[in-house]
Amino acid sequence: MQYQALKHNSNNAEAYQYRGMAYSGKNEFDKATSDYSNALKLTPDNADVFTLRGIQYSQKSEFDKAIVDFDEALQFNPKCEIAYMGKGALYAAKSESFLTVATMFKFSSPVYKLAKNV
């Protein structure tokens, strides 16, 4: 597997990402989160990895950290639908109805911009 490359090169962000995905598939969320964090140290502008780590944080009920990661993902890729959906679902879980609707609505709408400033 590709993540075995880490034995030879610990600077392989993609290998950390894929190994994190493998850990996630085995419900080893702490290990997955650690690998995503390592990948982000190497590629700090990777929206996909921010999204994946946000999902892991949400799996661990660390909602505030997850929202921060989804926001980071959206800074690097404003069209990242998974980050919007994850963020909206977390607002729903936190019973923040207005932010849920604003996030799920139209991402560039004035309602969303207002919600970000609340």
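Some observations on this one:
- Residues in region 1-33 that are touching a Gly at 6+ places or on another chain (Cβ under 9 Å) and either farther than 19 Å from ASP71 by Cα or at pLDDT below 95 (or both): TYR3, LYS31, ALA32.
- The C-beta contact set for region 23-46 (first residue touching a residue at least 12 places away in the same chain (Cβ under 8 Å), second residue surrounded by fewer than 14 Cβ atoms within 10 Å (Cβ to Cβ) and assigned to a helix (DSSP H, G or I), distance under 9 angstrom, 6+ apart or interchain) comprises TYR23/ASP30; ALA32/GLY25; ASP45/GLN75.
- Positions within region 68-87 being at pLDDT 95 or above and β-branched (Val, Ile, Thr), in sequence order: VAL68
- Among the residues of region 34-64, the ones that are among the charged types (D, E, K, R) and surrounded by fewer than 16 Cβ atoms within 10 Å (Cβ to Cβ) come to 4 in all.
The values are calculated or read from the model by the stated rules, or taken from the named source; none is laboratory data. Because the structure is a prediction, the values reported are computed rather than measured. Cβ atoms come from the backbone with ideal geometry, glycine included; neighbour counts cover every protein chain shown.
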